[in-house]
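Down below is the structure, laid out as structure tokens.
The values are calculated or read from the model by the stated rules, or taken from the named source; none is laboratory data. Everything quoted here is computed from the prediction, not taken from an experiment. Cβ atoms come from the backbone with ideal geometry, glycine included; neighbour counts cover every protein chain shown.
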Amino acid sequence: MVNTHKKYEKLLANYDLHCKRIAKATTIDINETPQEKIKRIKWLEEDYIRWFEYYFLNYAKKKSAKFHREIADILINNTQIYLLLEAYRSAGKTVHICMGIPLFLYFKKMMKYAIIMGQTEPKAQRLLSGLQIQLKFNQRLINDYGQRFKIGDWAEGDFSTTDGVRFRSFGFGQSPRGEQEEGQRPDYIGVDDSDIKKHLNNDRIMGDREDFVFEDLIGCFDSADDAVKRFVFANNNFHKKSLTNRLKLRFKEAQIKAIAKAQQQRSGDRKERHIVPTGKFRILSIPAVKDMVKFEPLWPEKTSSLYWKDLYDELGYRSFCREYMHIHVAEGSIFKVKYMQWKKMHDYKKYDALCFYGDLSYKVTGDFKAMILVGKTKRELHIIHTYLRQSSRADVARWLYDLYEDNNLHFYNIRYQIDGLFAQDEFISDFDLEGDERGWHIPVIPDKRTKESKYDRVESMEGFFQRLWVFFNEEEKENADQIELLDQLYAFERGSEAHDDGPDALHGAISNVNVMLHESAFDARVGMADNSDNPNTY
């Protein structure tokens, strides 16, 4: 009891000190005319980052990163959005999702009731105190928008503004079911750093935490068609069994369902086939660095590549991946994070060989259907397009035909193959039926080669990755299919029960482009030999 009292006293003392710092830091121009003031406010409100860096000097000591703008754009420009934000530790996510963005929405009259959730009730209250301090003591906000704080207190987890907007805080697990203010249900929910390691191996508890997010939190939004529903869950993704990763998998499922639903509803007019909606669910992944070779930071205005390289050396590969890269690396895994690279893909015509390869799975459900386009240019192997979903073979066929049409693939020499060990005629017919419907066909053929065990053939790709010859398409880095392929590569090891359809399809594509180049090189040598024997042959 004594310790609790002391903690509370310290919290109040810190609050008072922070109030003074905010008031002191936010000076105003007393010589500004009303016209100049109106013009300036309008100019600031046109750009969230500009607005944030003007009003919150204590937090904007470093220039905001590009990903801060992306976070803001997603939450501000969508009235119905569920965002899973996996951001590395110290990425500045808290100050934006729990203060900057809700205040921006509030002052622009785009939000009426915000819930801020932290790992515990005291942590949530501290987050709420940040909002209250700004409203009561930020001189720039008061000068431009007036004194808006009305009643309540962060220490009670609840306060309101003069224009009737309410801000509440909850600790994770405290249910906001039934929350409403004069009939207004919450329209903004920010959940910050609420994932913990304590119960990772207890599936029941972790399942309950996952259900809490979908049922108690997302479920407390208004059910009206036009209701505003802005939800963001922000955390680093530190373990494959973590709440963050569980939610990521659920969000991926929701995205895939949204895409499938849009395809089913699509009319016969295919002019809009290039539009790929993901519904309300979005995943934004922000690692600390682009790769663990050059350590190029995603927030260079704050942290240098040298800092991240030193931290990597201090923490070690596994811990750095977990805390700063959202990668869950099992000891002894084959495909390591440090092998993964991204770059802009070439035009199709610039590749020496191109192959689409599919592993479509004999099972109707359960396994993933995979179709991957790999291009080879000199030593490099480029993973250009990826389809990797728990769906039907007919859906794979639609995806391939759409991609073929959208990118005019008939102009290029591309091999189209699928694993033909099981029911190849049935598999091929799915592609032929899609072609019948469109009036033209893609020449998909079965790969009837006898193959070694799946583990051996997938493991044989390790050398290509280890030599840093494999590159993923940077334009598809946030694509759910490419993310799934990476997850399956990371999880691949002998005895693992993880899905491996993606790596198997990738092996098929890589194997084919290498064979294609070998065949063409052999043909060229034979041709040269024939011509040398008969100089009159052209």
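Table: residues versus (1) at pLDDT below 90; (2) in contact with a Phe, Trp or Tyr (Cβ under 6 Å, 6 or more places away or on another chain).
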residue	(1), (2)
Ser460	no, no
Phe471	no, no
Glu475	no, no
Arg494	yes, yes
Asp501	no, yes
Asp530	yes, no
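Among the candidates Leu217, Leu249, Leu243, the residue that is outside the structural domain of Gln390 (by TED's automatic domain parsing) and touching an Asp or Glu at 6+ places or on another chain (Cβ under 6 Å) is uniquely Leu243.
Step by step: first the residues of region 134-161, then only those that are farther than 21 Å from Pro34 by Cα and polar (S, T, N, Q), then the one that is surrounded by the most Cβ atoms within 10 Å (Cβ to Cβ). Which residue is that? Restricting to residues being farther than 21 Å from Pro34 by Cα and polar (S, T, N, Q), the top hit is Gln134. Summed over region 204-236, the residues that are crowded, with 20+ Cβ neighbours inside 10 Å and β-branched (Val, Ile, Thr) give a count of 3. Residues in region 182-203 that are modelled with pLDDT of 95 or more and either surrounded by fewer than 13 Cβ atoms within 10 Å (Cβ to Cβ) or aromatic (Phe, Trp, Tyr) (or both): Tyr188 only.
Can you tell me which residues in region 276-307 are among the hydrophobic types (A, V, I, L, M, F, W, C) and part of a loop (DSSP other than H, G, I, E, B)? If the condition is that a residue be among the hydrophobic types (A, V, I, L, M, F, W, C) and part of a loop (DSSP other than H, G, I, E, B), then Val276, Ala288, Met292, Val293, Phe295, Leu298, Trp299 are the ones that fit. Checking every residue in region 104-114 against the condition of being surrounded by fewer than 24 Cβ atoms within 10 Å (Cβ to Cβ) and small (Gly, Ala, Ser) gives zero matches.
Determine whether Ile218 is under 19 Å from Ile101 (Cβ atoms), touching a residue at least 24 places away in the same chain (Cβ under 8 Å) and out of contact with any helix residue (DSSP H, G or I) (no Cβ under 9 Å at 6 or more places or on another chain). Spelling it out, Ile218 is indeed under 19 Å from Ile101 (Cβ atoms), touching a residue at least 24 places away in the same chain (Cβ under 8 Å) and out of contact with any helix residue (DSSP H, G or I) (no Cβ under 9 Å at 6 or more places or on another chain).
Taken together, the residues in region 93-151 that are of a type in the set (Val, Ile, Thr), touching a helix residue (DSSP H, G or I) at 6+ places or on another chain (Cβ under 9 Å) and farther than 15 Å from Phe231 by Cα amount to 3. Just checking, does region 491-501 include any residue being under 30 Å from the mean Cα position of the chain (by Cα), in a helix (DSSP H, G or I), surrounded by fewer than 16 Cβ atoms within 10 Å (Cβ to Cβ) and free of Cβ contacts under 8 Å to residues at least 24 places away in the same chain? The answer is no, given that none of the residues of region 491-501 is under 30 Å from the mean Cα position of the chain (by Cα), in a helix (DSSP H, G or I), surrounded by fewer than 16 Cβ atoms within 10 Å (Cβ to Cβ) and free of Cβ contacts under 8 Å to residues at least 24 places away in the same chain. Taken over region 469-490, the criterion of being closer than 16 Å to Val374 by Cβ and surrounded by fewer than 18 Cβ atoms within 10 Å (Cβ to Cβ) is satisfied by Trp469, Glu474, Glu475.
One line per residue, one yes/no per condition, for (1) without any contact (Cβ under 8 Å) to a residue 12 or more places away in the chain; (2) surrounded by fewer than 18 Cβ atoms within 10 Å (Cβ to Cβ); (3) within 16 Å of the chain's Cα centre (by Cα):
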| site | (1), (2), (3) |
| --- | --- |
| Phe52 | no, no, no |
| Lys66 | no, yes, yes |
| Asp73 | no, yes, yes |
| Thr79 | no, yes, no |
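Table: residues versus (1) surrounded by fewer than 18 Cβ atoms within 10 Å (Cβ to Cβ); (2) in contact with a helix residue (DSSP H, G or I) (Cβ under 8 Å, 6 or more places away or on another chain).
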residue: Phe281; (1), (2): no, yes
residue: Lys290; (1), (2): yes, no
residue: Glu301; (1), (2): yes, no
residue: Gly316; (1), (2): yes, no
residue: Phe320; (1), (2): no, yes
residue: Val337; (1), (2): no, yes
residue: Met345; (1), (2): no, yes
residue: Tyr348; (1), (2): yes, yes
